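Everything below concerns the one structure shown next.
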Amino acid sequence: MATAQGNAAVKLTLDQDLIRTVQKDGKAAEERVNAPSSVLPGAVLIEEVTAQNVSGKLLTKLRLGIPVPQGTQFAGSVTPTNERWTTQFTALCAGKALDYAEAPLKCTETVDGKSVTRDIKPSEYTNVRWLLGTLKADETLKLSFRVKVN
C-alpha cells in the first residue's frame, strides 16, 4: 500500500502491472499488461504510484513510500532522484529495519565477534520512498520501480 506521510491532501493510486518482452519489427520491446490476474515466478512487475495534489494549493515536504510486495524482490528501474525529489530505500540489517537512505545501502553487523560492513544488494530492499520538495496545486506525478516475482 502506498502512503503519503505528512499530508492528506494527496490522492494516491497504486497500480501493479506486468512487464512483458515481445518482438516488434524483429526487435525486442516491452509491453505493459495492466493489472494481470496471475503471474509466474520470474515475471517482472512495475509498481507505480500516482500522486495527485487535490488541495488546490502548493504542498511541500511530502514522503511517498511503497513497500516491495511480499513474494517479490526489488529489481530496479526506480524513478531516480532529481531536482524535485530524492529517492530512498530501506532494508533489513541484522534483523532490524535500516533508516531510509539513498542507494547503495550498507549493513554493519557482527560476524564471528567482528563488526563487518557490507553493501546490501538491491534485491534485499524492502521499501522505496520519494521525498518530494513540492507538489504543485492540481499536479499529478507518477513514480515507479520494478520487482521480480520469486
Could you give me the ³J(HN,Hα) list for segment 47-54, computed from phi with Karplus coefficients 6.51, -1.76, 1.60 and θ = phi - 60°, whole Hz, x at Gly and Pro? 9, 10, 9, 9, 10, 10, 7, 9
Take peptides 81-91, 115-125 and line them up by average Cβ neighbours within 10 Å, highest first, as a rough protection proxy. 81-91, 115-125
Provide the descending list of Cα extents for segment 86-136 along its principal axes, expressed in whole angstroms. 52, 16, 16
So what is log10(I(q)/I(0)) for segment 16-100 at q = 0.15, 0.19, 0.22, 0.24 1/Å, when the Debye sum runs over its Cα atoms only? -0.82, -1.09, -1.22, -1.30
Per residue of segment 119-132, in order, report the coupling 6.51 cos²θ - 1.76 cosθ + 1.60 (Karplus, θ = phi - 60°) as ³J(HN,Hα) in whole Hz, putting x for Gly and Pro. 6, 8, 5, x, 5, 8, 5, 10, 8, 10, 9, 10, 9, 8
For the chain, set up a Gaussian network in which alpha carbons nearer than 10 Å are linked by springs, and say which option among Ala29, Ala43, Ala51 fluctuates the most. Ala29
If amide H atoms are built 1.01 Å from N in the plane of the peptide, which residues on other chains or at least 5 residues away come under 5 Å of the amide H of Thr134? Lys61
Here are a few candidate values for Cα extents along the principal axes in Å: (i) 53, 35, 24; (ii) 55, 46, 27; (iii) 42, 32, 31. Which one was actually calculated from the structure I just gave you? (ii)
In whole percent, what relative contact order does segment 19-83 give with Cα contacts below 8 Å and a gap of six or more residues? 20
Length-normalised contact order of the chain, Cα under 8 Å, at least 6 apart, in percent, tallies to 33
Amide H contacts of Ser55 (H built 1.01 Å from N, under 5 Å, at least 5 apart or other chain): Asp138
Computed lengthening from Arg20 to Glu102, 0.36 nm per intervening residue step minus Cα-Cα distance: 26.7 nm
Through the Karplus equation 6.51 cos²θ - 1.76 cosθ + 1.60, θ set to phi - 60°, convert the phi angles of segment 134-150 into ³J(HN,Hα) values in whole Hz; use x for Gly and Pro. 8, 9, 5, 4, 6, 6, 10, 10, 10, 10, 8, 8, 10, 10, 10, 6, 6
Over segment 61-150, what is the mean sequence separation of C-alpha contacts under 8 Å (at least six apart), divided by residue count, expressed as relative contact order in percent? 47
Size of the dipole of the chain about the Cα centre, Lys and Arg at +1 and Asp and Glu at -1 on the beta carbon, nothing else charged, in debye to 20? 160
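Taken together, the values in this text are just the output of simple stated rules run on the coordinates, not laboratory data. Being a predicted model, the structure only gives us computed values, none of them experimental. Ideal geometry is used to build each Cβ from the backbone, glycine not excepted, and the neighbour counts take in all protein chains shown.
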